[in-house]
1. Output the relative contact order of the range 152-235, whole-number percent, from Cα pairs under 8 angstrom with separation of 6+ residues.
2. Suppose R0 equals 35 Å; then what is the FRET efficiency for Thr23 and Arg224 from their Cβ-Cβ distance, rounded to the nearest 0.05?
3. With +1 on each Lys and Arg Cβ and -1 on each Asp and Glu Cβ, how big is the dipole of the chain about its Cα centre, in debye rounded to the nearest 20?
4. May I ask which of Lys19/Lys144; Lys197/Lys283; Lys71/Lys92; Lys92/Lys240; Lys92/Lys256 have a Cα-Cα span longer than 18 Å here?
5. May I ask which residue of Ile148, Ala199, Leu78 lies farthest towards the positive end of the charge dipole of the chain, with charges of +1 (Lys, Arg) and -1 (Asp, Glu) on Cβ and the Cα centre as origin?
6. Mind checking the dipole of the range 4-177: about its Cα centre, +1 per Lys or Arg Cβ, -1 per Asp or Glu Cβ, Debye to the nearest 20?
7. Please state the relative contact order of the range 209-273 as a whole percent: Cα pairs under 8 Å, 6+ residues apart?
8. May I ask you to derive the FRET efficiency for Arg233 and Leu213 from their Cβ-Cβ distance with R0 = 22 Å, giving the value to the nearest 0.05?
Amino acid sequence: MKEIQAKQTIVDDSLREIKGHGTEDFPIAVYFDDFSDFENGFISWHWHEEVQITMILEGDFICRVEAEEVKMKEGDLLFINKGLLHQIHPAKKSQGKLYSFIFRGEFLGGRGSRVYQTSVEPYLNHGVPFLLLQKEKNAGIRQKLLAIVEQYKNMPKHYALEISVLLTQIWMILCEHLPEKEVSENPGKKRDDERIKRALLYMQTHYGEDISLDDIARECYVGRSELCRCFQRVLGTSPKEFLLQYRIRQATVLLKTSEYQIAEVAELTGFSSPSHFGSYFKKYMGCTPREYRNERI
């Protein structure tokens, strides 16, 4: 077994990551991400049922967990709870390295066990959405994560048991920092989440068309203003901004994998003109569509 080097994040229509993490009998995966290898230079919006711990190895990063923005530097750790939309951008385009450890809570104890019921489930289902542990305060966890990397890559005898022990020790430390059941149930959040997923599905199905804010709002059974407020509450951005970013992300795939002319890529991804496409592409990718294509020939 070896750490997995990622180049892009593949999601379904609700932005749930398609790729599974680990296996049924060993539900943990370790990823080494070098952002110079990523097709878009960043990890785009996605979510998964597993918990994630990210450890910055090199560079500065900006991570968004739903509407919250977290700035990270070398040595920092970020715990991200399950089921939350998140994305990670290096502060400098395509520069930076990190490890991600993604695992199911059941790895720490089966769902019916006392361990799971008392020391895992309360933090996963009712705890904080994320927790930043800066380098100065996380030496113990960081050393254990690096030990997991070595076990994961080299697979010595009893590596699965060793990883289980290390991860349990890490979780015990995290429990000291994770308030149990701090977040009260919010019926409005469930409603917002459902609206966002309907909006995202509509955008990803029709992004190549001339769709308007009214079209998206109608699909979610709300008015334009409420849709914008909903996006701000959940993702900290506007529907227009999200749609533009998604169109650019689809354009990068076409530029790399197809023979379409740049004007055709602009039309296929829903831009009204090549110049309009070019200006937004440079805003988000830091280069022109032609430069992006030429870099990857």
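Laboratory data are not the source of any read-out in this text; all were calculated from the coordinates shown. Computed from a predicted structure; not experimentally measured. Backbone-built Cβ (ideal geometry, glycine too); neighbour counts: all protein chains shown.
1. Worked out over the range 152-235, it gives 24 percent.
2. For R0 = 35 Å, the calculated efficiency reads 0.20.
3. Numbers: 40 positive and 43 negative charges, 70 e Å.
With Lys and Arg at +1 and Asp and Glu at -1, about 340 debye.
4. Lys19/Lys144; Lys197/Lys283; Lys92/Lys240; Lys92/Lys256
5. Most positive-ward Cα: Leu78.
6. Around 340 debye, computed over the range 4-177.
7. 27
8. After rounding to 0.05, the efficiency reads 0.85.
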